[in-house]
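The values are calculated or read from the model by the stated rules, or taken from the named source; none is laboratory data. Please read these numbers as outputs of a predicted model, since none were measured by experiment. Cβ placement follows ideal geometry from the backbone for every residue including glycine, while neighbour counts extend to all protein chains displayed.
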């Protein structure tokens, strides 16, 4: 029972974090573009995410005449469910109600399943633009998963466990994995940008070519669920990145939890900083980057780590 309550509290916290992360993004992009972000709703625009949520969920849901209605409605729900499921891989040290001995494998499996929500959303809409966007997202996600898995395996060999809590204890003395795997951490940063379909790799939503990508036929609640799933995955990736390379919240002390929160916020800010700084790249260069550059480098680094640990 305690485990169920803990999971529910974590998921509600993620949904609340997603709401205010959207506000943070609009504020950051506003200052990047030398203008103000949302500042009209109440005090400095803080309740703006709540206003957006009320507006989206009260609007009328469109019903494309030729769409596969069951799959069309199910895809956003599945995407959000998978994003929330990824969140429970983070072990709450100090209030450890559950744990995953194979947490890294669980993270990889659930993140791989996330591509089905995008694919079904594009296919069930029965729109050429939605289908093109979903196919590009599927090809991009599957391609970058290869290098992401190799980077994760190199960290697993260093730490010696698939359990995320072992990363806490391995790095609690200040010996961060980042200090010995700095070259591969750059590949990880670029990979999570591509995995979450964020700029400059946002080809699933290329407005200049395919209007709005796989979610073009969605409105109101369906669009809101897809939006929440996308930003939920971004926050999960930020937390996992902090655990993998810079340790967790160690023994659960309040100060250390605050330090880890700063680490996760730095990774989440990285997504916004890149979006405000870089233009969208060409699709062929995106695919060539992972197959011709990231795959050989990450595979060679994995072999180096295996030999290093073995000797």
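Only residues that are outside any helix (DSSP H, G or I) and closer than 25 Å to residue 240 by Cα were counted in segment 122-164, giving 4.
Looking only at segment 101-111, decide whether some residue is out of contact with any strand residue (DSSP E or B) (no Cβ under 7 Å at 6 or more places or on another chain) and farther than 18 Å from residue 90 by Cβ. No, because not a single residue in segment 101-111 is out of contact with any strand residue (DSSP E or B) (no Cβ under 7 Å at 6 or more places or on another chain) and farther than 18 Å from residue 90 by Cβ. Taking the condition at pLDDT below 90 and within 20 Å of the chain's Cα centre (by Cα), does residue 160 pass? No, not satisfied. Inspection of segment 208-216 finds a residue satisfying the criterion of being out of contact with any helix residue (DSSP H, G or I) (no Cβ under 7 Å at 6 or more places or on another chain), at pLDDT below 85 and within 26 Å of residue 143 (Cβ to Cβ). The set of residues in segment 255-284 that are modelled with pLDDT of 90 or more, over 17 Å from residue 29 (Cβ atoms) and surrounded by fewer than 18 Cβ atoms within 10 Å (Cβ to Cβ) contains only 266.
Scanning segment 186-205 for residues that are in a helix (DSSP H, G or I) and buried (at least 18 other Cβ atoms within 10 Å of the Cβ) yields 187, 188, 190, 191, 192, 193, 194, 195, 203, 204, 205.
Of the residues 120, 151, the single one that is crowded, with 20+ Cβ neighbours inside 10 Å, farther than 30 Å from residue 303 by Cα and modelled with pLDDT of 90 or more is 120.
Could you list, in sequence order, all residues of segment 188-200 that are over 16 Å from residue 132 (Cβ atoms) and modelled with pLDDT of 85 or more?
Kept after step one, since they are over 16 Å from residue 132 (Cβ atoms), are these residues of segment 188-200: 188-196, 198-200.
Within segment 188-200, 188, 189, 190, 191, 192, 193, 194, 195, 196, 198, 200 meet the criteria.
Counting only residues that are in contact (Cβ under 8 Å) with a residue 12 or more places away in the chain, surrounded by 14 or more Cβ atoms within 10 Å (Cβ to Cβ) and outside any helix (DSSP H, G or I), segment 3-45 holds 3 of them. Contact map, segment 274-292: residues that are within 21 Å of residue 134 (Cβ to Cβ) paired with residues that are outside any helix (DSSP H, G or I) and at pLDDT below 90, Cβ distance under 6 Å, separation 6+ or inter-chain. Pairs shown: 280/200; 281/200; 286/201.
Residue check: is residue 302 more than 15 Å from residue 190 (Cβ to Cβ), assigned to a helix (DSSP H, G or I), over 23 Å from the mean Cα position of the chain (by Cα) and at pLDDT 90 or above?
When the stated conditions are applied, residue 302 passes them.
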